[in-house]
Amino acid sequence: MKSMKLIAALLIVSSSAFATELDKTTVNVKMSSDNDVYTLYYRGEDAKKVSVEIISPAGKIVFSESIKANGSFKRPYNLSELPAGNYTLKVTDHNGTTTETIQHGNTTTGSSSINFISLRPVDKKYQLTIISDKSVAKVRIFQNGYEIYSDMKKIENGYSEVYNLDQLTPNHDYEMEVIIDGEVKNFKL
C-alpha cells in the first residue's frame, strides 16, 4: 500500500514538472476596433529571442521579425494593406512554435472562427493544445512522408494531449499535421 502511494505521488510530481515546463509561453492575438490591426500579446519565461511570422493564405511569408524579449511584450500588426483572407501568425521561441489563425478582412457578421493550435516540445514529448469553436480535429503523424498515426480528436471546450514520441526511430523526419474544418497546420517534430 505504501509503494502504491509513493508511485502515485511520483506520478503527480513528474506530471506537474512536465506541465510547468510546457506552459512557459502564452500567445494571444486580439483584433482592434478598426478590424485591420491585430495585437500580439506574448508572455514567456526567459525568452531571449522570439521570431514572429505572418503567413498569407497562399502560404507565403508576408512579414517576419525577430524580437529580443525580456519576458513579455505587446506588438500591433497592421494588415490594412493586405487582401482579406485567413492569415497565420507564427510565434517561435526556445520552447517551440505557436500558431494562430487571423481571419483578416472578413465582412460577415456573426461568430468568427479562430483556431489556436500550439505544439510544445520537451525532450521527445510534444504537448498539442487546440482551442477552437469547432468540435473535431484530425491529428496525423508522418515519418519520412508516410502516415504512421491518424486519429480524430474531440476539441470542444479545448483540447490538450501530450504525445510521447520517445519510441520512434531516430534520424528520421517526423511531422505532425492538424486539420480543423479544412484548415491544415503542419509541425516539424
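Inspection of region 88-111 finds a residue satisfying the criterion of being modelled with pLDDT of 85 or more, of a type outside the set (V, I, T) and touching a Ser or Thr at 6+ places or on another chain (Cβ under 9 Å). Take the conditions (1) exposed (fewer than 15 other Cβ atoms within 10 Å of the Cβ); (2) modelled with pLDDT under 80; F116 misses just one of them, which is (1). The residues listed here are V27, V52; of these, the one that is at pLDDT 80 or above, of a type outside the set (F, W, Y) and either in the same structural domain as L128 (by TED's automatic domain parsing) or not in a loop (DSSP other than H, G, I, E, B) (or both) is V52. Selection over region 175-189 of residues that are assigned to a loop (DSSP other than H, G, I, E, B) and loosely packed, with under 12 Cβ neighbours inside 10 Å gives a count of 1.
The values are calculated or read from the model by the stated rules, or taken from the named source; none is laboratory data. It should be emphasised that the depicted structure is a prediction, and the values quoted were computed from it without experimental measurement. Cβ sites come from the backbone with ideal geometry, for glycine too, and all protein chains shown count toward neighbours.
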